[in-house]
Amino acid sequence: MSADVRPIAESELPEWLRAVNTGFLRPDPVTDADLAQRAKHTDVERTLGAFDDATGRCVATLRSFAQELTVPGGATVAASAVTNVAVLPTHRRRGLLTRMMATELAAATARGDVVSTLIAAEYPIYGRYGFGPAASVSEWEIDVSRTGLDARWAGPGCGGRIELVDVAEARTIGPGLHERLRALSPGTVDRSARWWSLATGLEEMSGRPYKSRFHAVYRTADGEPAGLVAYTSDEHWTDGKVPLNTVQVKDLIAVTPDAQRALWHFLCSIDWVLKVRTGYRAPDDLVAELLPDPRAARIVTAADFLWVRLLDVVRALTARTYAVPGVLVLDVTDPAGPAAGRYRIDAGTGECTRTEDPADLRLDASALGSLYLGDASAVRLAELGRITEQRPGALALADAVFRTARRPWCPDVF
C-alpha cells in the first residue's frame, strides 16, 4: 500500500485527530470541543498527515510549532518543535515517519529555523533523523521524616518570605519569573500565553480535566518575586487516622539559590505530608543537597528528555558561548538533512564558519545534537563509537569547550 504525505487541509483535522488519538492509544472519540480547541491552536501548514491511497484515511501524523530554545550563554535560537508524531499500528515499517520527518526538516530549514527539537517517547527512533539526546531529567521522592529539617520551620532564614497566592496572582507572576529562568538555564524553552492558561486552569485541555493547584511564591527581603511553585496533594490516611499524604510538584521556578532552598524547605514543612515528589528536574538539581540529610531524597526517574537536531550549524554554534578558548574543526555527516559539512569553531571569539581545514573530530548530526547544549561528553561519545578523533587531544578539548558548569534542563513537555 502507498500513502500520500502532505500538510492537512482544515477539513481533515477531525480525521487527523482520530489518528493521533489512535497512535497514542487514546480510544476517546474526537469531540466538537476537541476540534474547536485544536483548530484555534493548530497551524495546518505545519501539520502533516499520511493518507492511505486505498482508503483515504489518515494513518500517520506529525505537527510542529515555533519555539525558542535557550543555549549556553543565555541566547535563544529559533527552533521547530516537533510533536504529535504517530503511525498507526497497521501501517508501521513502511517509511511513513521517514517521509514526514524529511518533509518537516526541509520546511524548517526553508523557514530559517536554527534547530529542531522534540521529546522522544521512544529512544531508538530519532537518532536516524539527526536528533541527539541533549538534556536529561531526574525526579526525586523526598521522605519528609528523614530530611533532618526542623519540624518547627516557619519561614526562610535568608530574609525572604513564602506567600501562598491565588491562581490569578500566580498567572501574573509566573511568566516574568520563567523569562528570568530562561536566561539562566540552557535547554529551557519559551512558554506561550496558552501554556500559562492551561497550567493555571484558565483553559482546559479537552479530555484532560484540570486539577486545581496550590501556588506559593518566594519573595526576597525587598518583596521581589524570585521563585514560584505549583503543587497538588493527594489525600491518604491510614485506618488509624494517620495522614500519609504526598505532595506532587507540578512546576517550580527558582531564579536564586535562596529561592530554591526556601521553596523546597517549605514543601517539606507542610502538615500531613509524608512525601514530596519533585517532578522532572535538572539531573544536577540541588534539591537533595539542600536537605540536611540528602539521603532523604531518592531518585525515582532518570532519563533522556529533550532531543535536539541542528539545521543551521553555523548559526547554532555561533549562538552559544564556550567555556574555554580553543579551535576545533568538526566534520559532520548528515545524510538526511542540512547539517553536513566541515565547520571551524573558534571558541575564543565564538565564531563558527564552514572550512576545508583538516578535521579534528568526525561525527554525525545526532552526536552534534547531543554535544550542543553542553550535557554530553565527547570522550564518552567516542568510546561509544559515535565520534572519531582525527587529531590527538581534540576530544579532551571538545569536552572543555562544549560542556557547561551546570547541566542543561528543559522543564516542559511539548
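The values are calculated or read from the model by the stated rules, or taken from the named source; none is laboratory data. It should be emphasised that the depicted structure is a prediction, and the values quoted were computed from it without experimental measurement. As a convention, Cβ positions derive from the backbone with ideal geometry for all residues, glycine included, and neighbour counts pool all protein chains shown. The protein model used for the area step is the full one, side chains on, heavy atoms only, and it has no ligands, DNA or RNA in it. Shrake-Rupley method; radii C 1.70, N 1.55, O 1.52, S 1.80 Å.
Things to note:
- From the options 302, 376, residue that is surrounded by fewer than 16 Cβ atoms within 10 Å (Cβ to Cβ) and under 22 Å from the mean Cα position of the chain (by Cα): 302
- Qualifying residue in the stretch 307-330 (condition: among the aliphatic types (A, V, I, L, M), part of a helix (DSSP H, G or I) and either more than 30 Å from residue 125 (Cβ to Cβ) or out of contact with any strand residue (DSSP E or B) (no Cβ under 6 Å at 6 or more places or on another chain) (or both)): no
- Residue among 233, 145, 192, 212 that is farther than 24 Å from residue 298 by Cα, in contact (Cβ under 8 Å) with a residue 12 or more places away in the chain, polar (S, T, N, Q) and open to solvent by 20 Å² or more (accessible area, probe 1.4 Å): 212
Rundown of residues vs (1) of a type in the set (S, T, N, Q); (2) over 22 Å from the mean Cα position of the chain (by Cα), yes/no style:
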{"position": "64", "(1), (2)": "yes, no"}
{"position": "93", "(1), (2)": "no, yes"}
{"position": "110", "(1), (2)": "no, yes"}
{"position": "139", "(1), (2)": "no, no"}
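- Among the residues listed as 26, 46, the single one being among the charged types (D, E, K, R), at pLDDT below 95 and closer than 30 Å to residue 409 by Cβ: 26
- Reported count of residues in the stretch 34-52, each being in contact (Cβ under 8 Å) with a residue 24 or more places away in the chain and either loosely packed, with under 12 Cβ neighbours inside 10 Å or within 17 Å of residue 7 (Cα to Cα) (or both), is 13.
- Checked against (1) open to solvent by less than 20 Å² (accessible area, probe 1.4 Å); (2) in contact with a Ser or Thr (Cβ under 8 Å, 6 or more places away or on another chain); (3) within 23 Å of residue 155 (Cβ to Cβ), residue 282 passes all but a single condition, namely (3).
- Residue in the stretch 18-27 that is over 30 Å from residue 320 (Cα atoms) and touching a Pro at 6+ places or on another chain (Cβ under 6 Å) present: no
- Subset of the stretch 155-184 that is without any contact (Cβ under 8 Å) to a residue 40 or more places away in the chain and over 21 Å from residue 286 (Cα atoms) - its residue that is most open to solvent (accessible area, probe 1.4 Å): 172
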